[in-house]
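Let me begin by presenting the structure, written as structure tokens, before commenting on it.
Read-outs: derived from the displayed coordinates by stated rules, not from any lab. Note that the structure is predicted; figures quoted are calculated from it, not measured. Counting neighbours? That spans all protein chains shown, and the Cβs are built from the backbone with ideal geometry, glycine included.
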Amino acid sequence: MNTNNFILLLTLLLFETHAAKSNSLTGVQQKHTKELNTNPTSDNPSTEQRLLQMLDRKDFFRLKTLLQEKKDELPQHIVLYIEANLQNAFNQTEKSLLTIDKLLSNYRKSLSDAFLYRIYAIKYDNLFNQYHYKKAAEALKIAIDKYGHAVDSAELTRSRKEKYDFVNSLRKFPVQKMHITTDVSIPISLNQYNHIIINVSSGEQSENFIFDTGASNIVTESSAQRLGIRILESEASIEGAVGKKVQSKVGLADKLWIGDLMFENVVFKVMPDELLTFPAANYVIHGIIGFPVMNQMKEIEIYKNKNINVIANPQKGNLCNLFLDNTLPIVQFEANSDTVLFVLDTGANTSKFSSKYFAAHNTEIKEKATSNTIRREGIGGAADNNVHELKNVPLKIGGQKMTVPTIIVLTDELSYLTNYDGHLGQDILMSFNKLTLNFKEMSLSFDN
């Protein structure tokens with residue numbers, strides 16, 4: 001099979017359907033904006049509207065700057081609400097929780113139920129990313145039971161069936177821990193699809209897993225049994241690479257080694273072997289180490305086809321070009337002189353512009369690009385897509401300049417790219433000798 005046509009796109013989302021959560025919360029925020037516009041006690045409705053619209057669009061970098069400029073013009077509960085969102089997006093989960101506590105303690109009566117739903121949803125997200133599953137379940141239950149009427153019935157059903165049922169099944173699980181005292185080097189290799197491969201061990205047995213920023217922790221049933229990962233009867237729903245829902249079970253690794261790094265209490269989604277087997281490509285996936293583990297590593301240096309260094313004491317830097325949309329890392333950079341937002345996905349073979357970018361640059365793309373059809377395969381099935389191919393696209397990213405020989409432009413919408421201009425895959429990420437991913441400072445940088 002021609003590997004250029006077989007594009008294995010693994011975008012599995014952490015413990016829930018990302019698109020449903022992301023899009024529904026955007027809808028809640030848009031409802032907030034409308035409510036604020038009719039609020040007669042607002043000091044400056046136009047400023048509030050502008051800021052909340054930026055929040056709706058996930059325009060976090062400009063929003064952060066503008067909030068500092070306009071803070072004195074805004075009611076304090078609006079300032080705190082936006083700050084809690086920004087802190088959540090920039091992975092400052094503890095700060096976001098403190099801001100939420102202050103907001104609820106002092107300004108609850110000023111908040112609509114739509115706001116309160118969003119606030120408790122953010123609280124849930126913060127706690128989940130801290131691995132406090134019981135507290136996360138409690139926060140989400142409040143959002144659903146007390147303020148669920150502020151969202152549509154479809155979103156409420158998704159929150160109950162896909163999010164709450166899953167996180168509630170984890171409520172007795174202990175917090176995930178990583179043991180590190182000095183910098184650790186982990187050998188890696190790249191397979192035929194440019195996926196980063198690392199060795200994962202239970203102490204007695206080991207297996208090769210994909211290292212993927214765009215994924216949950218995933219393991220096949222047979223690999224879970226070999227590695228001693230306990231499989232529970234609880235089920236979870238995830239969205240596969242072609243938008244189809246896939247059912248999985250819940251697994252817990254009491255201890256897990258990645259190189260010399262030891263982790264405790266790592267949650268996995270356990271999937272039937274056949275769903276991670278792709279006969280047409282003669283390709284089998286045994287498991288994936290995803291965002292929940294990477295986030296705890298904090299600073300990761302990836303040397304092309306050599307090793308990953310996990311830094312024990314991440315250094316503070318000046319660059320901030322990343323934020324999180326729930327658990328998907330989003331990177332800001334320049335493409336064709338435009339500022340764009342891309343999903344960072346080390347599990348994707350190639351980078352692509354989204355249908356959103358295509359809609360905004362339709363005429364220019366049709367004039368410059370050639371048309372083609374690609375087949376995407378991944379967990380959940382396969383799909384054919386009509387695409388355009390742009391040649392010699394200039395980028396400024398992570399402190400470096402480069403020209404990409406070819407980038408595909410999607411014309412069909414993928415749910416996880418609804419709000420973004422594309423996704424950044426291995427063809428760009430592995431163009432440099434060193435990639436540094438820092439989840440503490442929220443930065444992506446490259447060195448030659």
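Quick look at the values:
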| quantity | calculated |
| --- | --- |
| Cut-off under 5 Å, modelled amide H: who pairs with residue 439 long-range | 298, 299, 300 |
| Distance in nm between pseudo-label sites at residue 371 and residue 53 (7 Å out along the Cβ direction from Cα) | 3.5 nm |
| Under-5 Å amide H pairs with residue 361, H placed in peptide plane, nonlocal only | none |
| Region 386-428 and region 116-186: distance between their alpha carbon centers, rounded to Å | 31 Å |
| FRET efficiency, 1/(1 + (r/R0)^6) with R0 30 Å, evaluated for residue 153 and residue 72 via beta carbons | 0.15 |
| Residue-span extension gain [residue 199 to residue 260] - 0.36 nm each, minus C-alpha spacing | 20.9 nm |
| For region 267-379: rounded, prolate or oblate by the Cα gyration tensor [a/c cutoff 1.5] | oblate |
| Debye intensity ratio I(q)/I(0), log10, region 167-313, q values 0.08, 0.12 Å⁻¹ (C-alpha model) | -0.21, -0.48 |
| Qualifying aspartates and glutamates (Cα of each under 18 Å from Cα of residue 71; at least 8 residues distant if same chain) | 43, 48, 59, 83 |
| Prolate/oblate/rounded label for region 395-445 (Cα gyration tensor, a/c 1.5) | oblate |
| Relative pair counts by distance (%), Cα atoms of the chain, 10 Å bins | 4, 21, 31, 27, 13, 2, 0 |
| Label point distance in nm, residue 185-residue 360, each placed 7 Å from Cα along Cα→Cβ | 4.1 nm |
| For residue 288, residues with placed amide H under 5 Å, excluding near neighbours | 210, 218, 219 |
| Note, ³J(HN,Hα) from phi for region 158-164, Karplus 6.51, -1.76, 1.60, rounded to Hz, x at Gly and Pro | 4, 4, 6, 7, 9, 9, 5 |
| Derived scalar couplings ³J(HN,Hα) [region 271-276; Karplus, 6.51 cos²θ - 1.76 cosθ + 1.60; whole Hz; x for Gly, Pro] | 10, x, 3, 5, 6, 10 |
| Net charge of Cβ neighbours under 9 Å - reference residue 436; Lys, Arg +1; Asp, Glu -1 | -2 |
| Computed lengthening from residue 386 to residue 315, 0.36 nm per intervening residue step minus Cα-Cα distance | 21.2 nm |
| Tensor-based shape of region 76-172 (alpha-carbon gyration tensor, a/c under 1.5 rounded, otherwise prolate or oblate) | oblate |
| HN-Hα J in Hz across region 313-326 - Karplus 6.51, -1.76, 1.60, θ = phi - 60°, x for Gly and Pro | 10, x, 8, 6, x, 9, 8, 9, 10, 10, 9, 10, 9, 6 |
